[in-house]
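Only one structure is covered here, and it is reproduced in the block below.
The values are calculated or read from the model by the stated rules, or taken from the named source; none is laboratory data. If you're wondering where the values come from, they're calculated on a predicted model, not measured in any experiment. Positions of Cβ are generated from backbone atoms using ideal geometry, with glycine treated the same way; all protein chains shown enter the neighbour counts.
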Amino acid sequence: MDQLIPADAAEVAVHAERELQALVGISSPSGDLAGAEEAIAMCIALLPAQARIERPPSSTPGSAPDLEARIAGSGSRRMLLLGHLDTVIGHAAHQPLRRDGERLYGPGTADMKGGVALALGILRVLAARPESFAELAVLLVTDEEWRTHEFAHVQRFAGYDACLCFEAGELGADGQEGVVLQRKAAGTLRVGATGRAAHSGSAPDQGRNALLALAEVSLLLASHHDPRGPDQLSVVPTIVRSGEAFNVVPPAGELILDLRSARLEAFDRVLAAVPAELRGATLHPTMERKWPAMNSRAPVGQLLERAGARLGRAIVGVARGGASDASHFAQMIPLTIDGLGPRGGGAHTPEEFVLARSLRERAEVALAIAAEALAAEGPAV
């Protein structure tokens, strides 16, 4: 094992638990300006003093500006540390961090304030060795959980050598340290329906029932669900809204479906399957979110072997179905590695948690990978 790793990781972990408590104490659901600004102020306070801070506009209009910080060094390689500060848990359900044995519970602990705390700790360790890098950057966004607009930041980091994303970590199939190298493409399909209102008691057949049209198209599109097929396509209706009163034929409504696939192009056939009209109602399909797939297995494989040797235990690549901003950067930065955050569970629920011991363990993994990614004596891929 690289003898610097245990001491550096222990230092990161000691601060990470306290910093996680502070970050979780701030309620910052997507779209909340005050919560986002408070979380960003906390992160700025935790940055190295030499960091140059910018606040680029969020990809989502109306969201708080994102946080970008850069640190110049005298080495040869550039690396981005990536995360997000928004959560899916609203103010009403927010709770401060609580510890129950090895579990640290709280909104966003796993997704992904625990990862943000680790990323900031890793940044501080690396910043103390400016000879090891040309530039370090951290990007923390405020809209990852609900973004439907195009991601705005990829070109800001053109030419970077590596991107490390700190979404929640996990173990490999045989208990090895796992990092995420493969993610599905993700899409959100919204289908609007326009029908005609009528009294549901005295003149029901004079209406055009938008709710029935949406129910039928929901079943039609769900028939494309084939997660074991060649494209690993999943088509899951998640929201339907229709109707204004119990005694009126619904004249309008909308259906929302979550799509995942190994290929972004697989969504096209689902979109094309929406008919122009059903049961007299007109249908209007729109793809509102299209996040690319990520597959870094080929370029990252040798680096993980070297990082595992540096760490003294194996690191393996795993696949995950959930979306991440790492997928956007993987299109431009082949050496993109995700899932470097602490291990936990219950993401997007009131029982979300991370394992306290994994803060140190995952700091060790991230430090080993970062050291290899920044190594100047050989290619990173």
Pairing a residue in segment 140-159 that is in the same structural domain as ALA64 (by TED's automatic domain parsing) with any residue that is outside any loop (DSSP other than H, G, I, E, B) and surrounded by fewer than 19 Cβ atoms within 10 Å (Cβ to Cβ), where Cβ atoms lie under 6 Å and the two sit 6 or more apart in sequence or on different chains, gives THR148/GLU288; THR148/ARG289
Among SER28, SER74, the single one that is surrounded by 20 or more Cβ atoms within 10 Å (Cβ to Cβ) and at pLDDT 95 or above is SER28
Within segment 217-258, residues being farther than 17 Å from ALA186 by Cβ and in a strand (DSSP E or B) number 8
Some residue of segment 268-276 being crowded, with 19+ Cβ neighbours inside 10 Å, more than 22 Å from VAL179 (Cβ to Cβ) and in contact with a strand residue (DSSP E or B) (Cβ under 8 Å, 6 or more places away or on another chain)
yes
Residues of segment 65-96 being within 23 Å of ARG129 (Cβ to Cβ), in contact with a Ser or Thr (Cβ under 9 Å, 6 or more places away or on another chain) and among the charged types (D, E, K, R), in sequence order, are ARG77
Tell me yes or no: at least one residue of segment 140-157 is surrounded by 18 or more Cβ atoms within 10 Å (Cβ to Cβ), under 30 Å from PRO250 (Cα atoms) and not small (Gly, Ala, Ser). yes
Exactly one of GLY195, GLY172, GLY207, GLY201 is modelled with pLDDT of 95 or more and either crowded, with 23+ Cβ neighbours inside 10 Å or in the same structural domain as ALA366 (by TED's automatic domain parsing) (or both), and that residue is GLY195
Worksheet item: Just wondering, is there one or more residues in segment 121-133 that are surrounded by 17 or more Cβ atoms within 10 Å (Cβ to Cβ), closer than 17 Å to GLU372 by Cα and of a type in the set (S, T, N, Q)?
Response: yes
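A quick yes/no check of all residues on (1) in contact with a His (Cβ under 9 Å, 6 or more places away or on another chain); (2) part of a loop (DSSP other than H, G, I, E, B); (3) aliphatic (A, V, I, L, M):
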residue	(1), (2), (3)
ASP268	no, no, no
ARG289	yes, no, no
GLY301	no, no, no
ARG310	no, no, no
GLY322	no, yes, no
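Restricting attention to segment 205-232, report how many residues are touching a His at 6+ places or on another chain (Cβ under 9 Å) and in contact (Cβ under 8 Å) with a residue 60 or more places away in the chain. Spell out how you get there, then give the answer.
Restricting attention to segment 205-232, the residues satisfying the condition of being touching a His at 6+ places or on another chain (Cβ under 9 Å) are 206-207.
Pick out the ones that are also in contact (Cβ under 8 Å) with a residue 60 or more places away in the chain and you get none.
Residues flagged as touching a His at 6+ places or on another chain (Cβ under 9 Å) and in contact (Cβ under 8 Å) with a residue 60 or more places away in the chain within segment 205-232 amount to 0.
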Can you say whether ILE333 is in the same structural domain as HIS149 (by TED's automatic domain parsing), under 19 Å from PHE157 (Cβ atoms) and not in a loop (DSSP other than H, G, I, E, B), as far as the supplied structure shows?
no
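Kindly indicate the residue of segment 302-351 that is acidic (Asp, Glu) and in contact (Cβ under 8 Å) with a residue 40 or more places away in the chain and also surrounded by the most Cβ atoms within 10 Å (Cβ to Cβ) among those meeting that condition. Outline the logic, then answer.
Of segment 302-351, the ones acidic (Asp, Glu) are 305, 325, 338, 351.
Retained after the next criterion (residues that are in contact (Cβ under 8 Å) with a residue 40 or more places away in the chain): 325, 338, 351.
Numbers: ASP325: 24, ASP338: 31, GLU351: 10.
The qualifying residue surrounded by the most Cβ atoms within 10 Å (Cβ to Cβ) is ASP338.
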In segment 53-85, residues that are closer than 25 Å to ILE369 by Cβ and not β-branched (Val, Ile, Thr) total 19
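Inspect all residues belonging to segment 358-370 and state whether any of them is part of a loop (DSSP other than H, G, I, E, B) and surrounded by 16 or more Cβ atoms within 10 Å (Cβ to Cβ). Spell out the reasoning first.
So in segment 358-370, the residues part of a loop (DSSP other than H, G, I, E, B) come out as none.
Checked segment 358-370: no residue is part of a loop (DSSP other than H, G, I, E, B) and surrounded by 16 or more Cβ atoms within 10 Å (Cβ to Cβ).
Looking at this structure, is ALA36 modelled with pLDDT of 95 or more, of a type outside the set (Phe, Trp, Tyr) and more than 22 Å from ALA326 (Cβ to Cβ)?
Working: modelled with pLDDT of 95 or more: yes; of a type outside the set (Phe, Trp, Tyr): yes; more than 22 Å from ALA326 (Cβ to Cβ): no.
Considered against the rule, which asks whether it is modelled with pLDDT of 95 or more, of a type outside the set (Phe, Trp, Tyr) and more than 22 Å from ALA326 (Cβ to Cβ), ALA36 comes out as no.
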Filter segment 90-111 for residues that are within 20 Å of the chain's Cα centre (by Cα) and either in a helix (DSSP H, G or I) or of a type in the set (Phe, Trp, Tyr) (or both); the one that is surrounded by the fewest Cβ atoms within 10 Å (Cβ to Cβ) is TYR105
